[in-house]
Structure formats: C-alpha cells, structure tokens
Amino acid sequence: MMRLLHFLKPQLIQHVAALGNCVSSGRCRLNRASCHLLTAEPLKPAVRQGCSISPTMDDMLSRSVPPLPPYETKEKSPPPSDVQSLQFMCYYKALDRGDRATFLGKLATEFGVDHAQVTELSGKVVQAQQKRDTGTVLQVEDRLRYYLTPQYKVLFSHISKLEGGMKFLVDLRADIVESLASKLADGPHIREMSGVLKSMLSEWFSVGFLNLERITWQSPCELLQKISEYEAVHPVRNWTDMKRRVGPYRRCYAFAHSSMPGEPLIMLHVALMQQISGSIQAIVKEIPASEVEDGNKIKSAIFYSISLTQQGLQGVELGTYLIKRVVKELQAEFPQIEEFSSLSPIPGFTKWLVGVLNSQTKDGGKTELFLESECKEISDIAGGPASESLKRLFNSNEWMRSERLVKALEAPLMRLCSWYLYGEKHRGFALNPVANFHLQNGAIMWRLNWMADTSPRGATASCGMMVNYRYFLENTSANSTKYLRTKHIEASEQVLNLVSQFKRHSKL
C-alpha cells in the first residue's frame, strides 16, 4: 500500500497543478484522468472495472463546503483543503447553465446559517438583557454574530485566496444575478447568498485595493480587445474606432485589481473638448490621426461612457470612485479644465413613453400627453390618428428621417423626457438608473439635448435624446448628501422650465 501511495503521489501533484491551471485560466484543460482522480467518488467495484463515476451535486457540496468551526476553536481550526476547493471550482465550471442554477440553490439552502443555533443564542441574549448582565450580553452577542455566518461563506473566503479564485467568485455571483433575473433560481436563500457574496466582494474590491490604469494605443492588444468588447454604451465598430477612443482629445481609464490581472473591472471614456457637447456624434466622429493634442483647446471634460465589465460586481461601489479618481487625474494633467460633465444616455424613456401612451389614449385617437395642436400636426404628417401614429413611430426609427416630424416632436418629447428624468420616481429617487447614479454622485441635471444620439440604439432607447449631468466640484458633496437624505434633485433652469411645461400641458 505504501509503495502504491509513493507511486501515485507525483501523479496527484501533477493533477492538482493541472486543476489549478484549469481554474485560473477559466477553461477546463484537464485530461480525463485528472478530472476523475480529483472529482470522482471513492472507488467502487464499477470504478475498478473501468467505469468512472462522477460525484453527485450533494456529494460534491458535502465534501467541498467546510463546516463552521465551533466558536471555541474558531481561531485554531485548520483551513479547508486546497484540493477540495479546487474540486468545487472545477466541478462548477463543468456544469451547464441550468445545472449551475440548481447547484447554487442547493448551496444556498443547505449550507447557510444554522438557524437552530441562532434561535438558541437569541434567547440567551434576551435572558441576559433581562438580568441586566452586560458582560454576558456582550459575550453571547459575539457568539451570535459568529453563528450568523453562513457555512458557504467559509468556502468563499478560502476560494478567494487561491489562484484564479477571485475571478471565479466574481463569475459565480454573475451567475447568481443572472439566475435570479431569469427565475432559474429564486427564493430568500439564494437572494441572501447573493447579498453575502456582494458584501464580501465589496470588501475585497474597495477603492484602496484598486489600481487606476489609463488605456492607450500602446496598451497590450489583449487589454484593448477587452475594452472594445466590454464597451456597453456606444459599441466600438472596429480597430480604427478603438484607436480614436484612446487617441488625441480622448482618455480611457479603468480600475484593475491585483488578483485579476489583465481584467478591467469598470471603465470610463472621456472626451476633452472646448465646451460641453450635446451630441454623441461630435464625440465619436473621426479625428484625423495626424492631429496633435493641443492643451489650449481643452476646457471641458465629458464623461460619455462608463461600463461595468464584471456583472458579478453589480452593486459594488466602483463607478463613483472611478469618476472621482479620473477627475483628479485630469486636473493634474490639465489644470485649465473648467467644466466636468457627462453626456449620458436615457435608457427606458421610449419604453416608458409607449406605456403611458397605451394607458392615456382618449376616444377619437387623442392623448392627454400632447397638446391638441400637436396632435393635429402629427396626424397631418403621419396620416392617421395621433395616438396610433405615435405608437407606430416610436416602435421604429423611421420618423427621424422626416424633417417635419423631427420638428413637430421636439417640443412635446423634450418636456415629456424632462418629466421622465425629473418627476418619475422609484422609492422617492429618480426612476432612471443613469440619472440616479449621477445624482447620487452629486451632479446636477443640467441640459437635455435633442437629437443627440441618432444611432438606432439611441433612437430606440430615448428617441435620440441625451442628457448632460454637470459636476460642479465645489458642490458635489453637498448635492449628493441632499439627494440621498431628502431625495431632492438639483436641476438647471432649462430642465425646470421643461418640467413646468409638462405640468401645464400634459396629464398623467
């Protein structure tokens, strides 16, 4: 037996190393022997005869998720086995989408908090409080805090220390978020696990552990490729387009983490211009390659795209810190910059508008959102009842090709969009997620721009409109505090005038 173990030991080390490479690379490169040696059940007669049997989900979870050590030995308990954690990672990566959701559901439900222990300790806290025994209260509360730790948290904590483990956990949470959104997995246990993992990631990816990187045309090709693929607001068309976005009068920054080398976490594109732009076409248009950047022409910095590249980091505060860091970088490079602003999309406006039109249509094809004169003009141009014509128009981009329709729709759509941004709320905060993000950062709702994004994407999302959120640096902290505490939206005179027009001329 000892000779057999001595013979197998070098092979086992090779298989463990192979498994580590599999996990860190994100692709399963194990040969069949490695996979079965590391993940198969204990040998059974069928296995000895050459029939390899993979473990069930229950077996994999029971052997991989370490129990929470007793409170008395929490500082002395040995760490979980690296091999078992690697087995867990490899096994999970081999599952398909549906099986992953089932696996996550089992992990969340069967390896969470010991509720019986928590109930018992809660009762002891109450008893100690009734006796006014402060020392005992504090001791039992400490024990209670410990036993409120889910069992899977111990596994996650250990995986984070392994090579490729942090990326695995980020991807795991992305799967949880996707499973919840698609209803493949649901329930309080898996939602709780998502929150626990988000809290852990928030600590590991706090701003003190992040590195700010400027992306240039000289950056590694693989990084430029990822920046191109991850761009979610204004898709990169080709390498020439990518070169423009990191060239003269443009900046691209990303946060990186030492545990995920070569993986941008969130990225911000900036245009350096003479004034705040109200058109994305003016920013993404071609710039001559021979043009040399002239600092004297730069007075404004416009944040025109911010994209989270790792969906598992949803809810982890990265965007706010990225903007603040980039502002400092730009101030150091261009002290003359006087204006900081976003040029932001308005996702959801067209969908909201069509929904309101469907619910507000009057008899005779009229709608209370538009003035009677506006309805008549639209009917004359479109050749049909205004409400039906509008719904048909907003379901395509054809109306943007008609100068008459573009002119007729400007006034009503500008006031409707201003209300959508300023007046439509979710729990008292701005309904639009982009507006809510910038307002939380302390920006003001500064300018609504007509025909600012005439691309199919912009037309579909917001009837071609975009909005500037202006950052007055001396006021951002006060604005942010006021918005978060009182839900008050700071807005410019232009926006407030449009909102007033909506209140006078439109009814919801």
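Kindly write out, for the stretch 491-499 in residue order, the coupling ³J(HN,Hα) from the Karplus curve 6.51 cos²θ - 1.76 cosθ + 1.60 (θ = phi - 60°), rounded to whole Hz, with x marking Gly and Pro.
Each residue's phi maps through the Karplus curve to give 9, 7, 4, 4, 5, 5, 5, 5, 5 Hz.
Treating cross-link reach as a plain straight distance, find the lysines whose alpha-carbon is under 19 Å from the alpha-carbon of Lys226, omitting any fewer than eight places away in the same chain.
Lys167, Lys243
Over the stretch 62-101, what percent of the accessible surface lies on carbon and sulfur atoms, probe 1.4 Å?
On the way: 1180 of 2200 Å².
So the carbon and sulfur contribution to the accessible surface is 54 percent.
Leaving out ligands, DNA and RNA, and with a 1.4 Å probe, what % of the accessible surface on the stretch 350-472 is carbon or sulfur?
Here it works out to 50 percent.
At 1.4 Å probe size, what's the solvent-accessible area of Arg245? Round to the nearest 10 Å².
Around 10 Å² of this residue is reachable by solvent.
If packing is taken as the average number of other Cβ atoms within 10 Å across a peptide's residues, how do 306-314, 414-422 rank, most packed first?
By packing density, highest mean first, the sequence is 414-422, 306-314.
May I ask for the distance between the Cα centers of the stretch 179-217 and the stretch 475-508, given as a whole number of Å?
The distance from the Cα centre of the stretch 179-217 to that of the stretch 475-508 comes to 31 Å.
Taking amide H positions as placed 1.01 Å from N in the peptide plane, with prolines and chain starts having none, which residues 5 or more places from Phe472, or on another chain, fall under 5 Å of its amide H?
Ile444
For Lys482, Lys93, Lys161, give the ranking by accessible area with the largest first, probe 1.4 Å.
Correct descending sequence by accessible area is Lys161, Lys482, Lys93.
Using the heavy atoms of the protein chains and a 1.4 angstrom probe, tell me the accessible area per residue for the chain in square angstrom.
Computed with neighbouring chains in place, this is 51 Å² per residue.
Could you go through the stretch 126-138 in sequence order and give the Karplus-derived ³J(HN,Hα) for each residue, using 6.51 cos²θ - 1.76 cosθ + 1.60 with θ = phi - 60°, rounded to whole Hz, and x for Gly and Pro?
4, 4, 5, 5, 5, 7, 6, 9, 4, x, 5, 4, 5
If I take R0 = 25 Å and measure r between the Cβ atoms of Asn497 and Gln274 in this structure, what FRET efficiency does the formula 1/(1 + (r/R0)^6) give, to the nearest 0.05?
Working: r = 26 Å, r/R0 = 1.04.
Efficiency for this residue pair is about 0.45.
Between helix 221-230 and the chain, what is the angle of the helix's C-alpha long axis to the longest principal axis, kept within 0 to 90° and rounded to the nearest 10?
70
Report the net charge of residues surrounding Pro345, where surrounding means a beta-carbon distance below 9 angstrom and charges are Lys +1, Arg +1, Asp -1, Glu -1.
0
The values are calculated or read from the model by the stated rules, or taken from the named source; none is laboratory data. Since this is a predicted model, take the numbers as computed values, not measurements. Heads up, the Cβs are rebuilt from the backbone with ideal geometry, glycines too, and the neighbour counts pull from every protein chain shown. Surface areas here come from the heavy atoms of the whole protein model, side chains and all, with no ligands, DNA or RNA. Shrake-Rupley method; radii C 1.70, N 1.55, O 1.52, S 1.80 Å.
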